[in-house]
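Encoded as structure tokens, the structure appears first; notes follow it.
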Amino acid sequence: MASTPENTTPAVPEQTNPRAAVIGSNRIPFGKAGGAYRSASNLDMLTAALSGLVARFGLQDERLGDVSAGAVLKHSRDFNLTREAVLGSGLDPHTPAFDVQRACGTSVETVWAIANKIALGQISSGIAGGVDTTSDAPIVVSDRLRKTLLRLSRAKTIQQRLGLLTALRPGDLAPVAPNVNEPRTGLSMGEHQAITTRRWGITREAQDEIALASHRNLAAAYDDGLFDDLITPYRGLLRDESLRADTTAEKLAKLKPVFGTNGANAADASITAGNATPLSDGAATVLLGTDAWAAERGLPVLAHVVDAESAAVDFARGEEGLLMAGAYAVPRLLARQGLGLADFDFIEIHEAFASTVLTTMAAWADEEFMSSKVGLPALGEVDRSRLNVAGSSLAAGHPFAATGARIVGTLAALLHQKKLNDGAAPSVPVRGLISVCAAGGQAVAMILEA
Amino acid sequence: MSDTYLDLVNSGATQQVAKTLGLPRPARLRRTNTDAVDHPLLPGPVLLLGTGAQADATAEALLSWDLDVHRTLPQHEVGALVLVLTELEHPEQMSDFALALGGALRSLAPSGRVVTISRPAEGAEPQVAAARHGVDGFLRSVAKELRAGGTGNGIVISDGVPSDSPSVAGALRFLLSARSAFVSGQFIHVTTPDGATPADWTRPLEGRVAVVTGAARGIGAAIAQVLARDGAHVIGVDMPASGEQLAEVMNTVHGTALQLDITSEDAGQRILELARSRHGRLDAVVHNAGILRDKMLANMTPEKWDAVVAVNIAAQLRINEQLLAADDLGPEGLRLVSLASTSGIAGNRGQTNYGYTKAAVIGMTRALAPRLAEQGGTANAVAPGFIETEMTAKIPPVPRQIARRANSLQQGGLPVDVAETIAFLLSPQAGGINGEVLRVCGQNLVGQ
């Protein structure tokens, strides 16, 4: 591949379309915590997802402009996770890579970063992705044990070592259970969302309805073969392990609430294991490039990255719900692009909880909320037939940093398919909107267009 | 999938025991060294027997490959014995040739080659036809007398095909080389002067785009590897469920993975679109994907019968129709190879469904051959015998040992042996070979 544009470092490349193209994607089926990938590390899974992408698009020995990925639960040994994965992927080892972490928004962020570099003409190709494992999560030891171990490594005499060891107490040896509780509030994401759910008056039925649709839509998308070109099986897993194609409203209704079950309002707790995402393992990747780079290799252009916006809310002081930043990022993004919800054929709202989708949509439609908090006009109602049409995180699972790339990859394929099937004029765009909420009161929104 | 017996009789003390007891001693076959393909082409010089224009053209071809060619038996070991019988007009003339070959057999090196070059009996006068067809029984008998991994095969050149046609040389080179390690007792028919001499004999598929179905494992993965070694860009197709292995194979051969159920209605279109968009051409398709659903006919179920028909023959027919409807494939026409099986030739107990489809593949191949020839393409089939794969490793030990030894080479073939034969049939130097069913079976005792 001696003549790839990456090797020649052009001055400022001519770009027919300044927007980065989504060429394709690959992910591994998402596993349940302790399931099919219980012995797989983040590096194993990210390498597998990258290798599948390389095989699908014949990228062996290609030097790409850059690769960006990351993990939320990351072991310290994985300090250079993405670069290590690139070295094991079949790509040209001269392909650079960097790690990114923006909680559950990580791989929307990496798509954004790579797309920007492409749009600026700095690179002509790149891969964005993310990976997470809750099965192989790093275990943290107590601070006292950690400090003692560090001192031990510096100790010079046996006496010093013995002195340090005898100072340890049994309690110091207990590991600190890994969790993703908010450091500022000490509350889990579920407890936070229980508060938001109550505030917006979201019913249990409405949440279960979202969950049921997620499973049904994901199962139908598998049956239609949508994922034949989006997923490469891994370790014997062929489909997402959390998918329950045969679940019903009745089965979902029987589950007991697990969050918001303490305190005065415990009676109307509504978040269950059925309408909250399961802990998951998995990895996802997206191939991006200029139109010209794709054309030179005979690769398709499924969609283009139009624009993106991030937002954060002040959840720590209780001014806003932890997972409500999507209610801010999306209106700002649409205002900048002069678009309304009706301009989108597909709307992808990450299902951290079914109620996240519902509270986000309720906020977009709420005049009072929009004018007082966002400072923009209300967006109106979301056409439910355009919402998460191929399922989302409730059914697929949610390996934190992999979810964004899963959504971008799936949405790009849906947009491309619709564009082909509609037979509309090339000038008539087919658009998709993404909103992914993240820990720390954040969210990332993105627009794709085919 | 290893053959422990073969290892034992070829090494250490057990080798001596086997020798003393007179046990069958299958040899380690000479196979292609991927670091030095076709080099050396033979384990020794060639003794060329016979006279006339074909013998002279053959000598020239051999010399062009830098081989040491003798017309009389040298004092040392020889790598191959080539017997040109194209001038044979009466059975009484065979004596000199047969005895000359016989006198040279003991000089043949391990994994040596015997190749006859003759003409077809069809349409000839009775005594000519007798002389020519006699070669069939002669060569197959010679092949059974060879030892130490030696093979015997024939090339049958149709009347009117010039002696220096690319496919005559192509077939000869294939049969001499390590590529044909497990091919024995077979005849390759060169029926037209078509085909071309490759620019580089070691990379005859350079620049070509080849699709291999069932490429995730076993014989399919080996086909992908050999086609890539010979220069082709491979598009590997397999079921989405086999995607992990498929991606692995494609990354090792620098190919492209296509997760696709070949029984889907638009499978041919999907293959065509991918080849066109990525490479602007499609030169070759290997229909390798196949399934087994063994059951005695009396116990056969509709599911088992229909699944085998759907994958093993119906899918191929539909894909071929979709490919043939396209008018902008490769510049040299479409080259097809389908996997048949000895079960489709000789039949096999418990495999009525499989045998039906594998014989159907042969029928389809023969019917496609003239149609593809119109655009310069070919359609051939390869029928593997007992090959060491994950599939045959599941046969119970005793029947497996019997099946493995029931051929002249007294061992199972390897997936690469099937792959080598397929690569040859797809190569430019095989353009004059069309509608053939070539067996890769070590001269299995069943069928021809």
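Taken together, the values in this text are just the output of simple stated rules run on the coordinates, not laboratory data. Predicted model, so just to flag it, every value in this text is computed and none were measured. No Cβ is skipped: glycine too gets one built from the backbone with ideal geometry, and neighbour counts run over all protein chains shown.
Some observations on this one:
- Farthest toward positive dipole pole in the stretch B:31-190 [+1 Lys/Arg, -1 Asp/Glu at C-beta], among B:Pro166, B:Gln127, B:Pro43: B:Pro43
- For the stretch B:110-249, the convex hull spanned by the alpha carbon atoms encloses 140 Å³ per residue.
- Residue-averaged [θ]222 nm for chain A, counting only DSSP H segments that reach four residues, each worth -39500 (n - 2.57): -10500 deg cm²/dmol
- Computed [θ] at 222 nm, deg cm²/dmol, chain B (DSSP H ≥ 4; -39,500 (n - 2.57); rounded to nearest 500): -11500 deg cm²/dmol
- The charge dipole of the protein assembly as shown, taken about the Cα centre with unit charges on the Cβ atoms of Lys, Arg (+1) and Asp, Glu (-1), comes to about 3080 debye, rounded to the nearest 20.
- Computed from point charges on the beta carbon alone (+1 for Lys and Arg, -1 for Asp and Glu), the dipole magnitude for the stretch B:325-394 about its Cα centre is near 420 Debye.
- Max mean-square fluctuation residue, GNM over chain B, Cα-Cα springs under 10 Å, options B:Asp96, B:Asp417, B:Asp68: B:Asp96
- Cα-Cα pairs of chain B separated by more than 35 Å (percent): 28 percent
- Taking every residue in A:49-56 and counting other chain Cβ atoms within 10 Å of its Cβ, the average works out to 6.
- Ranked for footprinting exposure by Cβ neighbours inside 10 Å, fewest first, A:Ser68, A:Ser39, B:Ser408 give A:Ser39, B:Ser408, A:Ser68.
- Each of A:Thr410, B:Thr202, B:Thr357 was scored by other Cβ atoms within 10 Å of its Cβ. Arranged with the fewest first, they read B:Thr202, B:Thr357, A:Thr410.
- Which of A:Leu226, A:Leu50 has the fewest Cβ neighbours within 10 Å, and the rest in rising order: A:Leu226, A:Leu50
- Modelled label reach - A:Ala342, point 7 Å along Cα→Cβ, the stretch A:413-450 residues with backbone N closer than 18 Å: A:429-433
- Taking 7 Å steps out from each Cα toward its Cβ at B:Glu87 and A:Asp422 produces label points 7.7 nm apart.
- Distance (nanometres) between label positions extended 7 Å along Cα→Cβ at A:Thr157 and B:Glu145: 9.2 nm
- Beta bridges assigned by DSSP with both partners in the protein assembly as shown are antiparallel in approximately 40 percent of cases.
- Once the Cα-Cα distance is subtracted from the 0.36 nm per residue extended length, the B:Asp306 to B:Met391 segment shows a gain of 28.6 nm.
- For the stretch B:315-369 versus the stretch B:140-198, the spacing of their alpha-carbon centroids is 22 Å.
- Taken about its Cα centre, the stretch B:31-190 carries a charge dipole of about 620 debye when Lys and Arg each add +1 at the Cβ and Asp and Glu each add -1 at the Cβ.
- If both residues of a DSSP beta bridge must be in the stretch B:65-198, then about 0% of such bridges are antiparallel.
- A Förster radius of 45 Å combined with the Cβ-Cβ distance from B:Thr263 to A:Ser371 puts the calculated FRET efficiency at roughly 0.20.
- Of interest is the spacing of the C-alpha centroids, which for the stretch A:24-93 and the stretch B:41-68 amounts to 54 Å.
- Shown for the stretch B:207-361 is the translational diffusion coefficient from the Stokes-Einstein equation, using the Kirkwood radius over Cα pairs, a temperature of 10 °C and a viscosity of 1.306 mPa s: 100 µm²/s.
- Counting only alpha carbon atoms, the long axis of helix B:166-176 and the longest principal axis of chain B meet at about 80°.
- Shape metrics for the protein assembly as shown, restricted to C-alpha atoms - Rg then Dmax, Å: 33.3, 111
- Peptide B:406-416 shows a mean partner chain C-beta count of 0 within 10 Å per residue C-beta.
- The calculated FRET efficiency for A:Asn116 paired with A:Arg386, based on their beta-carbon distance and R0 = 35 Å, is about 0.85.
- FRET efficiency, B:His70 to A:Ser39 (Cβ-Cβ, R0 45 Å, nearest 0.05): 0.15
- Here's the picture: charge each Lys and Arg Cβ at +1 and each Asp and Glu Cβ at -1 in the protein assembly as shown, and of A:Ser125, A:Ala194, B:Ala143 the one pushed furthest to the positive end of that dipole is A:Ala194.
- Spatially proximal lysines relative to A:Lys156 (Cα-Cα < 18 Å; intrachain offsets below 8 disregarded): A:Lys147
- Cα long-axis angle, helix B:218-229 against chain B (0 to 90 degrees, to the nearest 10): 70 degrees
- In degrees, nearest ten, helix B:243-253 long axis to first principal axis of chain B (Cα): 40 degrees
- Nearby lysines by direct alpha-carbon distance to B:Lys295 (threshold 19 angstrom, same-chain neighbours under 8 apart not counted): B:Lys304, B:Lys358, B:Lys394
- Globularity index of chain A, i.e. its alpha-carbon radius of gyration over 2.2 N^0.38 Å: 1.01
- Lysines whose Cα lies under 28 Å from that of B:Lys19, excluding same-chain neighbours fewer than 8 positions away: B:Lys144
- Each label point was placed 7 Å from the Cα along the Cα-to-Cβ direction; for B:Thr20 and B:Ser2 their separation is 2.5 nm.
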